[in-house]
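K.L.:
Input: one structure, supplied below.
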Amino acid sequence: MKHRTLQEYKKEVFDELTEEKKLQAMYDMSKQLCDISEYINNQINKKRDHQYSAGWQILWKIKKMLGEEE
């Protein structure tokens, strides 16, 4: 997968989409982020390890990236 700059992505991908496709893509991404967040929260609730273990730290870092830090 090639990482594009925001300008490259806009020019090569986003500008080529119809308004309906743009809306659908935003909806799909939002749904995926919600699913990821729910999965992480379920994993955190199931964790039996010490809260500072490597597994916990990974889950908390992902939550922070999703903007859900508590």
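K.L.:
Return yes or no: is residue 22 open to solvent by 80 Å² or more (accessible area, probe 1.4 Å), assigned to a helix (DSSP H, G or I), modelled with pLDDT of 85 or more and of a type in the set (D, E, K, R)?
P.N.:
no
K.L.:
Are there any pairs with C-beta distances below 8 angstrom linking a residue in the stretch 24-40 that is without any contact (Cβ under 8 Å) to a residue 60 or more places away in the chain to a residue that is open to solvent by less than 100 Å² (accessible area, probe 1.4 Å) and aliphatic (A, V, I, L, M), with the two at least 6 apart or on different chains, and if so which?
P.N.:
Close Cβ pairs satisfying both conditions: 25/17; 33/66; 36/62; 36/66; 37/66; 40/59; 40/62; 40/66.
K.L.:
If you go through the stretch 2-18 one residue at a time, do you hit one that is at pLDDT below 80 and not aromatic (Phe, Trp, Tyr)?
P.N.:
Yes, because at least one residue in the stretch 2-18 is at pLDDT below 80 and not aromatic (Phe, Trp, Tyr).
The values are calculated or read from the model by the stated rules, or taken from the named source; none is laboratory data. Since the model is a prediction, treat every value here as computed from it, not as a measurement. Glycine gets a Cβ as well: all are built from the backbone with ideal geometry, and neighbour counts include every protein chain shown. Heavy atoms of the whole protein, side chains included, go into the accessibility calculation; ligands, DNA and RNA do not. Shrake-Rupley method; radii C 1.70, N 1.55, O 1.52, S 1.80 Å.
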